[in-house]
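The values are calculated or read from the model by the stated rules, or taken from the named source; none is laboratory data. These numbers were taken from a predicted model, which means no experiment stands behind them. Glycine also receives a Cβ, built like all others from the backbone with ideal geometry; neighbour counts cover every protein chain displayed.
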Amino acid sequence: MLGVCMSDEVKSYDIMVCRHSLSHVLACAVRRVCPNVKLGIGPPIDEGFYYDFLVPEGSSFTPEILEKIEKEMTQIIKGKHDYIARPISPKEAREIFKDEPFKIQLIDELEEKQNAVVGTYQTENFIDLCNGPHVSNTKDLQKVAWKIDRVSGAYWKGHEKNPMMQRIYVLAFSTKDELKSFIQRREEAAKRDHRKLGPELELFTFSDLIGKGMPILLPKGATIRRLLERLVVDEELKRGYQHVYTPVLGKKTLYEISGHWEHYKDGMYPLMHLSENDEIVLRPMTCPHHFMIYKDTPKSYRDLPLRIAEISPQFRKELSGELCGLTRVMLFTLADAHIFCAPEQLEDEFKRVLELISFLMKRLGIDSLVSYRASLKDDQKKDKYVDNPEMWKTGESILLGILEKLQLPYTKGLGDAAFYGPKLDIQMTNVYGKEETVFTVQIDFALPGRFNLLYIDKDGKEKCPVVVHRSSIGCLERTIAFLVEFYAGAFPLWLSPVQAKVIAITENQIEYAKEIAELLNSKMIRVETDLRSETLNKKIREGRLQRVPYLVVVGEKEKEARSVTVRNRETGEQRTLSLEQFIERISKENADYSLKLEI
RNA sequence: GCUAACGUAGCUCAAUGGCAGAGCAGCUGAUUUGUAAUCAGCAGGUUGUGGGUUCAACUCCCACCGUUAGCUCCA
């Protein structure tokens, strides 16, 4: 219908209109199949659309009902009904939607905004509150490939206090191929999902008895964590950080002073009453502890910047529905630090932090995947933040100023600030496209004052330092989850829990294989052996499923020549080289943090 | 936390109120293999937990635990 040179924008506009129009068809069908539901809203989204319904208590959209709804939708589309736009007065709208409490609420809101007319669209005998745009007739929807996807709950208008509605998600694309490929991509993504790969590759597990949201790192997952920890500690030491160990507990008072108790109580585990007047709590953040280190001795401007770092467990009480594999847990390990500096040092310190993070991201091979978000305060939600407008203004303008200077492309996240200050969040998306914060750098003008942190400046006057709260390599559990998903379990050599697996073809090479493994192990190469009397093919297959970078096959030839035949995980190519050569090359590749297999 | 769905052997899945099963993994034996699954045998279960209904419950009901999708929240 449109020209052959349809631009992507036109195309996407087109499909968004179809999605929107289809949502009316869905609502109409639901109304026919389940007359008792109340209608919410039904906007188009990236992969289709949804519509919210309030269903009578005790009933739900079962697979059978959804099937009926789907058939009904097909019938409605076939009926070739026109979409008729009809702007009406609020009064008339109230009459038409008198049995639809949610629509009435929307009409009220429109009227409050002084809209004299309310948009409606009628399709056959179904009328919905809507400004369009829509296709002109349901026959235009016949070409659209759509499918009811899933049902979930959603609060009316997204507010926790509002009633919980049932949301029906429908996938809708311009062509069958697009729909098919979307579903296929989602299935492929599920295979890389760290929650599936993690246990499969024996990286981590959970135990009902230990508790939800408390991940257990198995030896292979622990290996990855240890590698990340060593890397980050070394790089921080090189950059002037000092590492400390502080208790995972603290008195309630500590968090009352910091403001956590006021602003973050819901995210904290319940208090432990040791005795009267002695209440302690598991820490949700390390900042107050590090502040105590600052306060331990008087500080001069000469001591600044003071960079205190710690890889530290954090305890955050989450609602059960918010937990997700390793990315959202109730006990996690943060590569944390607090940089105490003079205001004039802030910009430089901020940049140094970004340099460190960017260095680490390159090591991990994820530097091109991240996006930057300036997380600012939302003025509408005053009680979420420390009340100090002046300080917020300064903090936010400094943050944005630095970002502009560095020419980092960023988005603004209104309401995403920490309670004590604005932050730069470095975001990554998971396999399903959901965005999460992996690293964060925060500017804090508030907490130092609350703890009365001071330093004596050159002029002999007492001044209050600024604090940069930052994670370098983020929360280790979450970072590992992203790495698992990004690499689909096939980590670069330096991060692989098992770097080489020695496979003996027959039992005649068992001794030689063991010797190789011992040698590699003595050179700090992580190695396993497969000496079973299985076929070579089977041992290769299992080695591949484990994503071992190098499978080292030794048969009679290799044993005679004291050589190895190395199979490269990426290329599948085999290369025979002397044992010494192999050890030299794999050791070098490991030491170089190479992101690519080089043998 | 809320709404909904789900929970059977280590894993993937059967068994729709009437004797809990298969493949892979595991163990034992045979086999001694040249780059993605050798063959045979054995073993493996209080069907997430606890109640209830029933002559009989994996199956129906209730509560709890956990998982998943989303909402809310968030590193």
> If you take the residues in segment A:408-433 that are in a loop (DSSP other than H, G, I, E, B) and not hydrophobic (A, V, I, L, M, F, W, C), which one is surrounded by the fewest Cβ atoms within 10 Å (Cβ to Cβ)?
Replying inline: A:Pro409
> Can you name the condition, by its number, that A:Gln380 falls short on among (1) part of a helix (DSSP H, G or I); (2) free of Cβ contacts under 8 Å to residues at least 60 places away in the same chain?
Replying inline: (1)
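Going by the structure shown, is A:Arg225 within 12 Å of RNA strand B (Cβ to nearest atom), crowded, with 16+ Cβ neighbours inside 10 Å and in a helix (DSSP H, G or I)?
On the way: within 12 Å of RNA strand B (Cβ to nearest atom): no; crowded, with 16+ Cβ neighbours inside 10 Å: yes; in a helix (DSSP H, G or I): yes.
Answer is no for this residue.
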> Of all the residues that make up segment A:299-336, how many are among the hydrophobic types (A, V, I, L, M, F, W, C) and over 18 Å from the mean Cα position of the chain (by Cα)?
Replying inline: 6
> Within segment A:118-134, can you find the residues that are in a loop (DSSP other than H, G, I, E, B), in contact (Cβ under 8 Å) with a residue 60 or more places away in the chain and closer than 12 Å to A:Ser21 by Cα?
Replying inline: A:Cys130, A:Gly132, A:Pro133, A:His134
> So how many residues does segment A:153-183 have that are of a type in the set (D, E, K, R), part of a helix (DSSP H, G or I) and farther than 14 Å from A:Tyr51 by Cα?
Replying inline: 4
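So, in segment A:184-205, of the ones that are within 8 Å of RNA strand B (Cβ to nearest atom) and assigned to a helix (DSSP H, G or I), which residue ends up surrounded by the fewest Cβ atoms within 10 Å (Cβ to Cβ)? Even if it seems obvious, please write down each step before you answer.
Taking segment A:184-205 as the starting set, the residues that turn out to be within 8 Å of RNA strand B (Cβ to nearest atom) are A:193, A:195-196, A:199-200.
Pick out the ones that are also assigned to a helix (DSSP H, G or I) and you get A:195-196, A:199-200.
On the way: A:Arg195: 17, A:Lys196: 16, A:Pro199: 15, A:Glu200: 12.
Checked segment A:184-205; the qualifying residue surrounded by the fewest Cβ atoms within 10 Å (Cβ to Cβ) is A:Glu200.
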> Just a yes or no: is a residue in segment A:512-532 modelled with pLDDT under 95 and within 8 Å of RNA strand B (Cβ to nearest atom)?
Replying inline: yes
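Kindly indicate whether A:Ser181 is among the small types (Gly, Ala, Ser), surrounded by fewer than 19 Cβ atoms within 10 Å (Cβ to Cβ) and away from RNA strand B (no atom under 12 Å from the Cβ).
Details: among the small types (Gly, Ala, Ser): yes; surrounded by fewer than 19 Cβ atoms within 10 Å (Cβ to Cβ): yes; away from RNA strand B (no atom under 12 Å from the Cβ): yes.
Considered against the rule, which asks whether it is among the small types (Gly, Ala, Ser), surrounded by fewer than 19 Cβ atoms within 10 Å (Cβ to Cβ) and away from RNA strand B (no atom under 12 Å from the Cβ), A:Ser181 comes out as yes.
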> Which of (1) away from RNA strand B (no atom under 16 Å from the Cβ); (2) outside any helix (DSSP H, G or I) does A:Arg150 not meet, given it meets every other one?
Replying inline: (1)
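Residue by residue, here is whether (1) within 16 Å of RNA strand B (Cβ to nearest atom); (2) under 14 Å from A:Val438 (Cβ atoms); (3) in contact (Cβ under 8 Å) with a residue 24 or more places away in the chain holds:
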| residue | (1), (2), (3) |
| --- | --- |
| A:Leu306 | no, no, yes |
| A:Ser312 | yes, no, yes |
| A:Ser320 | yes, no, yes |
| A:Arg328 | yes, yes, yes |
| A:Ala342 | no, no, yes |
| A:Asp348 | no, no, no |
| A:Leu360 | yes, yes, yes |
> Looking at (1) within 16 Å of RNA strand B (Cβ to nearest atom); (2) surrounded by fewer than 20 Cβ atoms within 10 Å (Cβ to Cβ), which is the only condition A:Lys299 fails?
Replying inline: (1)
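To keep it simple, each residue is scored yes or no on (1) in a strand (DSSP E or B); (2) crowded, with 23+ Cβ neighbours inside 10 Å.
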position	(1), (2)
A:Val498	no, no
A:Val502	yes, yes
A:Gln509	no, no
A:Leu519	no, no
A:Ile525	no, no
A:Glu528	yes, no
A:Arg532	no, no
A:Lys538	no, no
A:Val548	no, yes
>> Restricting to segment A:550-568, and then to whatever is closer than 20 Å to A:Tyr487 by Cβ and within 6 Å of RNA strand B (Cβ to nearest atom), can you tell me which residue is surrounded by the most Cβ atoms within 10 Å (Cβ to Cβ)?
In response: A:Leu551
>> Looking at segment A:136-154, I want the residues that are loosely packed, with under 12 Cβ neighbours inside 10 Å and have a partner that is modelled with pLDDT of 90 or more and aliphatic (A, V, I, L, M) with Cβ atoms under 8 Å, at least 6 apart or on another chain. Which pairs are those?
In response: A:Gln142/A:Ile77; A:Gly153/A:Met164; A:Gly153/A:Met165
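Please go through segment A:262-293 and give me each residue that is among the β-branched types (Val, Ile, Thr) and assigned to a helix (DSSP H, G or I), ordered by number.
A:Ile293
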